[in-house]
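S.K.: Structure in structure tokens, see below.
Every number in this text was worked out from the coordinates using simple rules, so none of it is lab data. Just so it is clear, the model here is predicted, and its values are computed rather than measured. Glycine also receives a Cβ, built like all others from the backbone with ideal geometry; neighbour counts cover every protein chain displayed.
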């Protein structure tokens with residue numbers, strides 16, 4: 001609930017107000033573990049508020065991204081499609097299965113180690129890392145192995 005107050009305060013600071021639509025869209029992204037495109041956010045929100053329109057969803061997603069409350073992602077499975085997820089999930093990376101198109105979240109300290117090594121060598125300072133892994137999940141690998149037996 002603290003995130004909602006923070007968001008409302010942030011909106012007020014920039015001369016905007018917390019609307020039921022903004023609150024709904026943020027809650028959908030906060031509460032789901034999925035990576036949602038704008039159309040899916042719209043479908044889920046529309047079930048709870050039939051007056052909502054797609055333009056409001058796009059404007060709200062832009063505002064949430066601008067305020068660093070959500071992150072925008074692109075995955076190999078759907079080139080050009082923008083997906084969104086809450087920043088409340090913490091730093092993580094993504095593995096996209098090229099077979100079934102499933103997205104698996106990856107958490108590893110190895111990326112931080114690479115950043116630290118690079119910073120020590122160059123003096124650079126990282127603000128964010130975006131690493132996407134691609135390949136085949138264990139289910140798809142097992143299916144392929146079973147087909148070749």
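S.K.: Would you mind telling me the antiparallel percentage of the DSSP bridges in the chain, rounded to 5? Kindly include the intermediate steps, with their values, before the conclusion.
M.R.: Values: 10 of 14 bridges.
Close to 70 percent.
S.K.: Please identify, among 121, 69, 26, the residue showing maximal mean-square fluctuation in a Gaussian network model of the chain using a 10 angstrom Cα cutoff.
M.R.: 121
S.K.: Test of understanding: what is the full-extension gain from residue 141 to residue 49, defined as 0.36 nm times their sequence separation minus their Cα-Cα distance? Before the final figure, lay out the partial values.
M.R.: Values: separation 92, 0.36 × 92 = 33.12 nm, distance 4.15 nm.
Taking residue 141 through residue 49 to full extension adds about 29.0 nm, to one decimal.
S.K.: Which residue fluctuates most in the GNM of the chain (Cα springs below 10 Å): 55, 38, 124?
M.R.: Fluctuation is largest for 124.
S.K.: Further question on the same structure: With each label point set 7 Å from Cα along the Cα-Cβ vector, what nm distance links residue 118 and residue 19?
M.R.: 3.9 nm
S.K.: Counting pairwise Cα distances across the stretch 1-127, what percent come out greater than 25 angstrom? Could the numbers behind the result be given before it?
M.R.: Numbers: 2870 of 8001 pairs.
In whole percent, the share of Cα-Cα pairs in the stretch 1-127 beyond 25 Å is 36.
S.K.: Relative to the first principal axis of the alpha-carbon coordinates of the chain, what is the inclination of helix 38-48, with its axis defined by its Cα atoms, in degrees from 0 to 90 and to the nearest 10?
M.R.: That works out to roughly 50 degrees.
S.K.: In Å, what Kirkwood hydrodynamic radius results for the stretch 91-149 from the alpha-carbon pair distances? Mind showing how you got there, number by number?
M.R.: On the way: mean 1/r = 0.0740 Å⁻¹.
Roughly 13.5 Å, rounded to one decimal.
S.K.: Right, something else. Write down the percent of antiparallel bridges among all DSSP beta bridges whose residues are both part of the stretch 52-139, to the nearest 5. Show your work: numbers first, answer last.
M.R.: Numbers: 8 of 12 bridges.
Rounded to the nearest five, the antiparallel share is 65 percent.
S.K.: Quick one: among 46, 101, 112, which has the greatest mean-square fluctuation in a GNM of the chain with alpha-carbon springs under 10 angstrom?
M.R.: 112
S.K.: Roughly speaking, what is the centre-to-centre gap between the stretch 35-57 and the stretch 80-149 when only Cα atoms are used, to the nearest Å?
M.R.: Between the Cα centres of the stretch 35-57 and the stretch 80-149 lies a distance of 27 Å.
S.K.: What length, rounded to one decimal in nm, is gained on full extension from residue 68 through to residue 89, with 0.36 nm per residue of separation minus their alpha-carbon distance? Walk me through the numbers on the way to the answer.
M.R.: Details: separation 21, 0.36 × 21 = 7.56 nm, distance 1.28 nm.
6.3 nm is the gain from fully extending residue 68 to residue 89.
S.K.: Once every DSSP H run of n ≥ 4 in the chain is given -39500 (n - 2.57) and the sum is divided by its residues, what mean residue ellipticity at 222 nm do you get, rounded to the nearest 500 deg cm²/dmol? Show your work: numbers first, answer last.
M.R.: Details: 6 runs with 72 residues, N = 149.
Mean residue ellipticity at 222 nm (helix-derived): -15000 deg cm²/dmol.
S.K.: For an R0 of 22 angstrom, estimate the FRET efficiency from the Cβ-Cβ distance between residue 27 and residue 82 and round to the nearest 0.05. All intermediate terms of the calculation are to be shown ahead of the outcome.
M.R.: Details: r = 20 Å, r/R0 = 0.89.
In this case the efficiency is close to 0.65.
S.K.: Oh, and also: Please figure out what share of the DSSP beta bridges in the stretch 91-149 is antiparallel and state it in percent, rounded to the nearest 5.
M.R.: Values: 4 of 8 bridges.
The antiparallel proportion sits near 50 percent.
S.K.: Quick one: Kirkwood hydrodynamic radius for the stretch 33-84, alpha-carbon pairs, angstrom, one decimal?
M.R.: Numbers: mean 1/r = 0.0864 Å⁻¹.
Taking the inverse mean of 1/r over all distinct Cα pairs, the stretch 33-84 comes out at 11.6 Å.
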